[in-house]
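The structure appears below as structure tokens.
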Amino acid sequence: MIKLDKFSESDFDRFISWIDNERFMYQFAGPVFTFPLSHQQLNKYISESNRQVYKVIESATNRVIGHGEISRIDTINKSARLSRILVADVKDRNKGYGKLIIKELLKIGFSDIDLHRIDLGVFDFNKSAIKCYENCGFIKEGLLRDSFVIDNEFYSVYNMSFLKNDWISKDI
């Protein structure tokens, strides 16, 4: 239903058009970018060696519908972090694409990169994302209370993780 393909400079304008306000950018990307996004920021972003960045393509239509990333790849400790996962168009949300994106990123992480642990951070108010991650098998490890400031308000973030042994025994 979806496939992941390398995110490249030819995807920059589309990606920038999805991030239309600072609050959304921060919720989606954390402090990695500053608003407004620029080609310069994105060139730096895709050039970092411990990061694999993907565009998400709906297979039936060949339409780019989202974005996903494996970051903080640590081959010594066999760990990484899923980051900047997005189904861009509101009309495409709640159709199972998020779970498919997670499944493909986990497959890459555990099979191709040979990781042992993959984690992620999610704002505590993002109930739909938390539900998706839990349905995929991620476990809440803890809450980083009031750890991010957006528009002068503090927000908490759950850290969630998934281990290779759990992935092998689960069929997500």
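The values are calculated or read from the model by the stated rules, or taken from the named source; none is laboratory data. All figures in this text were calculated on a predicted structure; none of them were measured in a lab. Counting neighbours? That spans all protein chains shown, and the Cβs are built from the backbone with ideal geometry, glycine included.
Could you tell me whether any residue of segment 117-126 is among the basic types (Lys, Arg), over 24 Å from residue 168 (Cβ atoms) and touching a strand residue (DSSP E or B) at 6+ places or on another chain (Cβ under 7 Å)? No: zero hits.
Sub-9 Å Cβ pairs linking a first residue in segment 133-154 that is in contact (Cβ under 8 Å) with a residue 12 or more places away in the chain and under 17 Å from residue 30 (Cβ atoms) to a second residue that is surrounded by 11 or more Cβ atoms within 10 Å (Cβ to Cβ) and of a type in the set (Asp, Glu), at least 6 apart or interchain, are 143/124; 150/22; 151/22, ordered by first then second residue. Anything in segment 94-126 that is without any contact (Cβ under 8 Å) to a residue 40 or more places away in the chain and crowded, with 16+ Cβ neighbours inside 10 Å? List them, or say none. Those that are without any contact (Cβ under 8 Å) to a residue 40 or more places away in the chain and crowded, with 16+ Cβ neighbours inside 10 Å: 98, 109, 122. Looking at segment 68-88, can you tell me whether even one residue there is touching a Gly at 6+ places or on another chain (Cβ under 8 Å), of a type in the set (Gly, Ala, Ser) and over 21 Å from residue 138 (Cα atoms)? The answer is yes; a qualifying residue exists.
Of all residues in segment 106-129, those satisfying the criterion of being within 22 Å of residue 52 (Cα to Cα) and assigned to a loop (DSSP other than H, G, I, E, B) are 113, 114, 115, 116. Flag: residue 164 matches the condition of being surrounded by 14 or more Cβ atoms within 10 Å (Cβ to Cβ), touching a His at 6+ places or on another chain (Cβ under 8 Å) and basic (Lys, Arg).
Yes/no per residue for (1) surrounded by 16 or more Cβ atoms within 10 Å (Cβ to Cβ); (2) at negative phi:
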{"residue": "9", "(1), (2)": "no, yes"}
{"residue": "19", "(1), (2)": "yes, yes"}
{"residue": "22", "(1), (2)": "no, yes"}
{"residue": "30", "(1), (2)": "no, no"}
{"residue": "38", "(1), (2)": "no, yes"}
{"residue": "47", "(1), (2)": "no, yes"}
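What residue, among those in segment 65-78 that are more than 15 Å from the chain's Cα centre (by Cα) and not charged (D, E, K, R), is surrounded by the fewest Cβ atoms within 10 Å (Cβ to Cβ)? If we take residues in segment 65-78 being more than 15 Å from the chain's Cα centre (by Cα) and not charged (D, E, K, R), then 76 is surrounded by the fewest Cβ atoms within 10 Å (Cβ to Cβ). Say we look at segment 130-143 and pick out the residues that are surrounded by fewer than 18 Cβ atoms within 10 Å (Cβ to Cβ) and assigned to a helix (DSSP H, G or I); which of these is nearest to the chain's Cα centre (by Cα)? Top of the filtered list is 130. Once segment 144-168 is narrowed to residues that are farther than 28 Å from residue 21 by Cβ and under 19 Å from the mean Cα position of the chain (by Cα), the residue that is modelled with the lowest pLDDT is 167.
A Cβ distance below 7 Å, combined with a sequence gap of six or more or placement on separate chains, defines the contacts here; from segment 1-14, residues that are more than 14 Å from residue 52 (Cα to Cα) reach residues that are part of a helix (DSSP H, G or I) and of a type in the set (A, V, I, L, M) in the pairs 1/100; 2/100; 2/101; 12/42.
With a requirement of 2 or more residues that are among the acidic types (Asp, Glu) and modelled with pLDDT of 95 or more, the strands (runs of 3 or more DSSP E) lying completely within segment 1-105 that satisfy it span 63-74. In this structure, residue 87 does satisfy being in contact (Cβ under 8 Å) with a residue 24 or more places away in the chain, crowded, with 17+ Cβ neighbours inside 10 Å and within 13 Å of residue 66 (Cα to Cα).
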